[in-house]
Every structure is written in C-alpha cells, then in structure tokens.
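Have a look at the structure below before the remarks.
The values are calculated or read from the model by the stated rules, or taken from the named source; none is laboratory data. This is a predicted model, so every value here is computed, not measured. FYI the Cβ positions are ideal-geometry reconstructions off the backbone, even for glycines, and counts take in every protein chain you see.
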Amino acid sequence: MWFLFEGTRAGKGSEKEKLYLQNNGYTRGTEMSGFNEREYKNTNLFRNLEFTPEGVYLTVYPSSTLKFSDLEHELNTLSVTGVDWNSVNQALQERSTRRLIAPPQEVSKRDGQVIVGISQDEMEAYLTVLPPINGNPVTREVALKALEKEGVVFGIDHTKLDEAIQEANPNVRVVVARGKPAVDGKDAEINYCFPLERMPLKPAELENGRVDYYNLNLVHNIKEGQVLATKTPATQGETGYTVKGKKLLPRAGRDLLIRAGKNTQLAADGMSLKATTNGHVVIQDGRINVYTTYIIPGDVDFSTGNIEYVGSVRIVGSIKSGFTVKADGECGSRRNHRRGFHYRRGQRYSKGGDSRSRKGECSR
C-alpha cells in the first residue's frame, strides 16, 4: 500500500499520478510564470528530463532499456504538451545527446511530497520523498504527520527519516520504521550434576606415562547432601509490535519439573534436588533415585576395574585375581560367599595375584 502527501496537507493522489509514481518516480517542471530562471531536473537510471524556461530537454543514457512507447507513456502521464515526437525518437537513437523535445510548460506550484508505504505484515514502513516544484520542501514534521496518518507509531528511525528528507529522491524508498518481532520464551531446563550416560571406561594414566587397566572409574559416587539437579526456569518471552503498534504475543516457554525419587529431597521452590544418603544415581521413569547398593551383574575383572564405592556392593559373579573391591557398606560376592567369604562394612577384599589362589584376603 502507498499514500501520497503534499507539503503541509496529506491525501491520496489521482489514479493517473499514482500509476506514474509507482512505476517511474515523480517528475515535474518548474513554474514558468514570469520565466523563473530556476530549473527542475529529474534523473533516473534510464534518462534525464529537464524542465527549463527554454523548454523541455530529454537525454537518454547509453545503458537505458527504454523504448519509444515508455517515453511516450511517461510524457503523456506528465501532461507535457507540444511534444516533438521526432525529437524524442532522435534522443532515443542518439544516446547521451540532450534534445529539446517540447516548448516551455505551464506547471502549477507544488510543495514537496512524501509517499508512505507499509509492508503487508506491517513490520516495515517506507518513505519516498519527492522534491518541491517552486514550493516548500518536506520537513520532518510533515513526514511524521504522514506516518501518523497511516497509523505508523512504533519503531520510527528519525535518522533514516532525516536522510530520506534530505535526499528527496523520488526513485528511492527508505525504510523509516521497523516493527519488533515477538521473541518466544525458552522452555525450562533440568541441569543434571552427574553423568547421564555411562562414559566409555578409560584406564587411569600413571605418572610414568603407563596406563592402569585395573582402575577404570566405573562407579560415580554420590555423597549425602550433594546437589543432583537444578532447574533453569522457563521464560515468558518478549512481546513484539508492528509499526502500527499492534501487539505480537510470544509463545511462553514450557515448564519442566524435577521429579524426586528414592533417597532424594526436592527444594521447597522446586529448583534443586539433593541426595539424602550416599550411593549412586539411577534415573527410572523420569525420577532421580539414589541407591545405596551397587550391583555388579558379572565378575570384577578388566571389564569393570577395581571397585571403590560409598555404599554396599553386591557382586553376582566373582572377583578375579589381582582386582580389589572397597565398600563403605557391606560387600559380598555370591560365588565367593559359597566358599566362605563374606565382607563386613568398611573392608577391602583383594584376590591374590596368583591365578591359582583360591583364598581371598580382607584388610581395612
């Protein structure tokens, strides 16, 4: 959409004038009453028209793609009288030659004008400023009134507005106002303070550069009172506005809850979760649990490394030669227990280095 505004008054131009303004930009001659010596020129990428006291001059540029019918339409739209169409054709054929194509024209006085355009989504407003013809130039006040008349009230860039007024180029459309898009809110996030996935077991590196395949750090120990998870709350987002001041509502972020499981305590504000005992973390059905007993489904060997745990350890298989298990709680191996081994709280069990050894050795 676009609207034409003149000097200190604003209104829609005629259909004929609108068609020309849309396609070519504004071009008019200077007032000829009394043979005013001032001249008015209009230049675009294709041609230059000069309305002077001596007459109307036309220069067609070498790079122009204009046809005779284009010039005929333009001159008729401008109501130029007494046109010498042969001279128009010569100017078209002899590029860069300034040709007199019509006698002096009687042109009424006209103040500077502005054309206001608004994008379909109302997120941009444009201004095209047309220079005056022996009249008053467009001022900031005139431009602002034109914008206000079309409902543009938000995001006006006064620097760009002044640039458009100063340039007063009918072939240039300047963005003078921009809307503000709505910013959707962010969803809440749960920040876990322990590894969510089992990391690949990596041997510990010794000081001499060698690696220790007996210590793989299989178990991630949790201490009583340790923070297990925190929550970053959801945000509501930011309201946006069109250049006409219409609100654009954001999508609010979705909330998430920290789901407390066994041996955990949720803060009163729901923003953090702590362990109420020593152990290891297991997430089941979305709930965070701390279990005091760690179960090894097979043997303690090179697939697990040595075990050191703050709770109790239950071993389904056996402890292979050269490996140790240390637990602050009870520690037992189903197979070794059949042979008479059962381990008390706070003890370490180590299987002898000799693969033929059938006895275990406990030490604090």
Residue check, Leu71 under 47 Å from the mean Cα position of the chain (by Cα), in a loop (DSSP other than H, G, I, E, B) and surrounded by 13 or more Cβ atoms within 10 Å (Cβ to Cβ): no
Pair list, Cβ < 8 Å and 6+ apart or interchain, from the range 230-245 residues that are over 11 Å from Val183 (Cα atoms) and not assigned by TED's automatic domain parsing to the domain that holds Ser119 to residues that are assigned to a strand (DSSP E or B) and small (Gly, Ala, Ser): Thr230/Ser272; Lys231/Ser272; Val243/Ala125; Val243/Ala177
Residues that are touching a helix residue (DSSP H, G or I) at 6+ places or on another chain (Cβ under 7 Å) and surrounded by 16 or more Cβ atoms within 10 Å (Cβ to Cβ), drawn from the range 119-174: Ala125, Leu127, Val129, Val138, Ala143, Ile156, Leu161, Ile165, Val174
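Can Lys320 be described as without any contact (Cβ under 8 Å) to a residue 60 or more places away in the chain, of a type in the set (Lys, Arg) and over 20 Å from Asn278 (Cβ atoms)? Don't jump to the end; show me each part of the working.
Numbers: without any contact (Cβ under 8 Å) to a residue 60 or more places away in the chain: yes; of a type in the set (Lys, Arg): yes; over 20 Å from Asn278 (Cβ atoms): yes.
Here the answer is yes, as Lys320 does meet what is asked.
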Count of residues meeting criterion [under 52 Å from the mean Cα position of the chain (by Cα), in a loop (DSSP other than H, G, I, E, B) and not β-branched (Val, Ile, Thr)] in the range 50-68: 6
